[in-house]
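> Sending over a structure as structure tokens; questions will come in a sec.
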Amino acid sequence: MEQRAVITILGTGYVGLTTAALTAMAGLKTYVVDPNPDRLASVRSGKSFFYEEGLDALVAKAVADGLLIPTDSYEASVPESDIVISSVGTPDNPDGSSNLKYVFAAATEAARYLKPSAVYVQKSTVPVGTGAKIRQAFAGAGLTVPYVSNPEFLRESTALRDSLWFDRIVVGGDDAAALERVQDVYRQIEASRAQIAQTAGLQAPAVLPKGTYMQVGLESAELIKVTSNAFLALKISFANSIAVLSDKVGANVTQVMDAVGADARIGRAFLNAGRGYGGGCFPKDVAGLISAGLEQGVNLEIMRAAQAINEEMPGYIIEKLQNSIGGSLEGRTIAVLGLAFKAGTSDARRSPGVKIANVLANAGATVRAYDPQAHAEAAAYLDDAVVLASGTDDALRGADAVIVATDWPEFVDYAPSAYASVLSGTYFVDALNRFDMQAVHDAGLEYIGVGQSV
Ligand code: NAI
């Protein structure tokens, strides 16, 4: 096992900082490189720039121990590093294809400083074929450094848990020694797992995942990541299609999916109907897969359908509210609870809650929105007319209706009677089917779910 490799992580984002905190806590000197001075300043002060359970404690300790070193300089980090991991952003272009300018910029800049014995690792989600192009560019520059694809499967809101108790680590490439060296980094995190979990204040899960290490070819590794996300997106859109049908025929989609998912061949996870998926990954990974398919002449119609259904869900929910309210939403006051794309994170990228708030504001409603963590990140995407409230009650007060768009515990655990007592109107939209609809109904509210009704 390689001892004390020096690591550089390019990109101090959700993935890069989480990974860096773990490698540093495993005792590996770790540089995190980013051009964004605010993100670096935050790390330097011992804090993450985003909310993720347990992460601040790790960042604070690793920075204090001198093992986590933020810098904007490739020159100050890459030459010393045995393993250089790229985790820069891969936003999508307007046509849905992946924008790889950061990926290639990072590789090009790193190539100037990589030592011959280093390994270059791609952790960003990139379309299949990207690794081959970077390898070609390295070869063109006379570099023989091995290239390893190491897709990331962490989920925001459970990022540290996912990384400490992982289902699988996938490494792809054709240099067996390089694949082993990358796996060694994870073995060292595993070896420090108990102590890292303690510092982060995390409990081990009751049932430990298998923690499998998988070595595959480069193209397979690249495809594994997007295929995983695409399949999960497919499950959500499938559940939403059945929800729309359930609304028509008076079925309850939650009951349907509970029974369907009880089949071990199918599984219950991600068969949840609601306002659809969002965030920095699913929408762009689905679009990226469609676009990568088209480049190869493969029309992934199944993913186009998943994408189209997902786009429709926020509007579908608003239409249900509009029909219940009896006509126009203009002049109505609507509370939107939840702007993060899911509970447990401050990330508001492509957030359905934000989309719902914006559509309502454009329809002439007065929107009072609240999220326990995501105001700062959501502000960039919110229509100027949306008012940010100071708390749940502040959002609800005087509203004709509430839409619970993110299932933060403080919204889900808030008693229906409390909602009823603060709201002016009676419309209660459960955009993730997370409430006991009978209890909401019994509190005197009109329950509006997705594919289920009282
Ligand atoms: P992010 O946008 O939070 O972070 C990317 C960072 O890269 C930014 O701080 C940016 O300033 C920095 N950057 C841009 N160009 C750079 C350069 N040339 N050198 C160094 N840094 C540079 O992105 P996030 O969410 O961390 O995602 C990173 C990658 O990981 C993406 O490909 C994403 O699809 C993938 N991924 C993300 C997951 C998530 O839950 N956020 C989960 C699994 C994969």
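The values are calculated or read from the model by the stated rules, or taken from the named source; none is laboratory data. These numbers come from a predicted model, not from an experiment. Backbone-built Cβ (ideal geometry, glycine too); neighbour counts: all protein chains shown. SASA here: full protein model, heavy atoms, side chains in, ligands and nucleic acids out. Shrake-Rupley method; radii C 1.70, N 1.55, O 1.52, S 1.80 Å.
> A137 passes all but one of (1) of a type in the set (A, V, I, L, M); (2) more than 28 Å from the chain's Cα centre (by Cα); (3) under 30 Å from Y51 (Cα atoms); which number fails?
If we test A137 against (1) of a type in the set (A, V, I, L, M); (2) more than 28 Å from the chain's Cα centre (by Cα); (3) under 30 Å from Y51 (Cα atoms), just (3) comes out false.
> Something else now. Every residue in region 20-39 that is within 12 Å of the ligand (Cβ to nearest atom) and open to solvent by 10 Å² or more (accessible area, probe 1.4 Å), please.
Y31, D34, P35, N36, P37, D38, R39
> I'd like to know if region 301-322 contains one or more residues that are assigned to a helix (DSSP H, G or I) and basic (K, R).
yes
> Looking at (1) open to solvent by 20 Å² or more (accessible area, probe 1.4 Å); (2) out of contact with any Asp or Glu (no Cβ under 7 Å at 6 or more places or on another chain); (3) part of a helix (DSSP H, G or I), find the lone condition where A221 falls short.
Among (1) open to solvent by 20 Å² or more (accessible area, probe 1.4 Å); (2) out of contact with any Asp or Glu (no Cβ under 7 Å at 6 or more places or on another chain); (3) part of a helix (DSSP H, G or I), A221 violates only (1).
> So which pairs qualify, if the first residue must be in region 87-110 and on the phi > 0 side of the Ramachandran plot, the second must be more than 8 Å from the ligand (Cβ to nearest atom), the Cβ gap must be under 9 Å, and the two must be at least 6 apart or on different chains?
Between residues of region 87-110 that are on the phi > 0 side of the Ramachandran plot and residues that are more than 8 Å from the ligand (Cβ to nearest atom), the close pairs are G96/V286; G96/A287; G96/G288; G96/I290; G96/S291; G96/L294; G96/Q307.
> Can you list the helices (runs of 4 or more DSSP H) lying wholly within region 82-182 that have 3 or more residues being more than 23 Å from T30 (Cα to Cα) and within 15 Å of the ligand (Cβ to nearest atom)?
Ranges flagged: 130-140.
> Confirm whether G46 is among the small types (G, A, S), under 20 Å from G27 (Cβ atoms), open to solvent by less than 20 Å² (accessible area, probe 1.4 Å) and more than 15 Å from the ligand (Cβ to nearest atom).
So G46 fits the description; yes.
> Assuming T8 fulfils every condition listed in (1) touching a residue at least 12 places away in the same chain (Cβ under 8 Å); (2) part of a helix (DSSP H, G or I); (3) of a type outside the set (K, R) apart from one, which condition is it?
Just one mismatch for T8, condition (2).
> Same structure again: Sort out which residues of region 63-81 are without any contact (Cβ under 8 Å) to a residue 40 or more places away in the chain and within 14 Å of the ligand (Cβ to nearest atom), and write them in order of number.
Selection gives D72, E75.
> Only residues in region 217-229 that are on the phi < 0 side of the Ramachandran plot count as the first member; pair them with residues that are aromatic (F, W, Y), Cβ under 7 angstrom, at least 6 apart or cross-chain, and list the lot.
From region 217-229, the pairs are S228/F153; N229/F282.
> How many residues are over 13 Å from G451 (Cβ atoms), charged (D, E, K, R) and open to solvent by 50 Å² or more (accessible area, probe 1.4 Å) if we restrict to region 243-275?
2
> Please specify each residue of region 323-337 satisfying the condition of being surrounded by 12 or more Cβ atoms within 10 Å (Cβ to Cβ) and not in a loop (DSSP other than H, G, I, E, B).
S324, I325, T333, I334, A335, V336, L337
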